[in-house]
Amino acid sequence: MIAIRNFKNVDTDRIFAIADSLLGEKYIIEADLSAGKVFIAEHNDTEEVVGFCIAYVDSNDGKSYVRTVAVDPAFSGQGIGTALVARSVDYLKSLGAKKIMSPLWKHDGVVNSDVVFRRNGFLPVFEIPDYWYADSIAKGYSCPVCGKGCRCKCVMYELNIRESEGNGER
């Protein structure tokens, strides 16, 4: 069994290990963990962190985002990513979000996490080439596919919140 809970400082190393292996070394840094709300998927028996999700409201434009979701591959296919995104959506809705965006990685025609986001009501709305390039250069992280200077595409997914969804229904 897996429980979804709020981030604790003791989770940091495990989050970095998952992120570095799946998203690229240094894609997630310490500042990312304090810039938004971080949800943790924890194995009930072992208390091992098996996944995480970061949600935030952009202070510049007020838009709500599910920025990142990652699950240890040993635990994939169990609905953990879907549950993490659902918890993030509920959190953002509680802050009054009317629209939630999420940039998803696309490489070789495949959108990473497409199923997870569609299960939560998100739909793809547009693509952005080289979405992570400037950020990867500025922050010095490596894409697991491109290495330094990520040239992968982003497919922006969007969830529009209906007025009737104030009770957690999607």
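The values are calculated or read from the model by the stated rules, or taken from the named source; none is laboratory data. Since the structure is predicted, the reported quantities are computational estimates derived from the model, not experimental observations. Every residue, glycine as well, gets a Cβ built from its backbone with ideal geometry; the counts of neighbours run over all protein chains shown.
Here is a yes/no grid of residues against (1) loosely packed, with under 15 Cβ neighbours inside 10 Å; (2) more than 20 Å from TYR27 (Cα to Cα):
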| residue | (1), (2) |
| --- | --- |
| VAL89 | no, yes |
| SER94 | yes, yes |
| SER102 | no, no |
| VAL115 | yes, yes |
| ILE128 | yes, no |
| TYR131 | no, no |
| GLY149 | yes, no |
| ARG162 | yes, yes |
Q. Is the stretch 79-88 home to any residue that is aliphatic (A, V, I, L, M) and modelled with pLDDT under 95?
A. no
Subset of the stretch 10-41, residues modelled with pLDDT under 95 and among the polar types (S, T, N, Q), comes to SER21, SER34
_It is to be established whether one or more residues within the stretch 60-83 are over 22 Å from GLY24 (Cα atoms), assigned to a helix (DSSP H, G or I), among the aliphatic types (A, V, I, L, M) and under 15 Å from the mean Cα position of the chain (by Cα)._
yes
Looking for something assigned to a helix (DSSP H, G or I) and more than 16 Å from the chain's Cα centre (by Cα) - is there at least one such residue anywhere in the stretch 105-120? no
With the first residue restricted to the stretch 136-151 and required to be closer than 17 Å to LYS106 by Cα, and the second required to be among the basic types (Lys, Arg) and surrounded by fewer than 17 Cβ atoms within 10 Å (Cβ to Cβ), Cβ contacts under 8 Å at 6 or more apart or on different chains are SER136/LYS148; SER142/LYS26; SER142/LYS148; CYS143/ARG151
Within the stretch 112-170, the residues that are within 17 Å of ALA70 (Cα to Cα), among the hydroxyl-bearing types (Ser, Thr, Tyr) and at pLDDT 90 or above are SER113, TYR157
GLY109 vs (1) surrounded by fewer than 18 Cβ atoms within 10 Å (Cβ to Cβ); (2) closer than 13 Å to VAL66 by Cβ; (3) not acidic (Asp, Glu): all pass except (2)
Notebook entry, point to check: Does ALA31 fit the bill of being farther than 20 Å from ILE4 by Cα, out of contact with any helix residue (DSSP H, G or I) (no Cβ under 7 Å at 6 or more places or on another chain) and part of a helix (DSSP H, G or I)?
Noted result: yes
*State yes or no: is ASN44 at pLDDT 95 or above, surrounded by fewer than 16 Cβ atoms within 10 Å (Cβ to Cβ) and more than 30 Å from GLY149 (Cβ to Cβ)?*
no
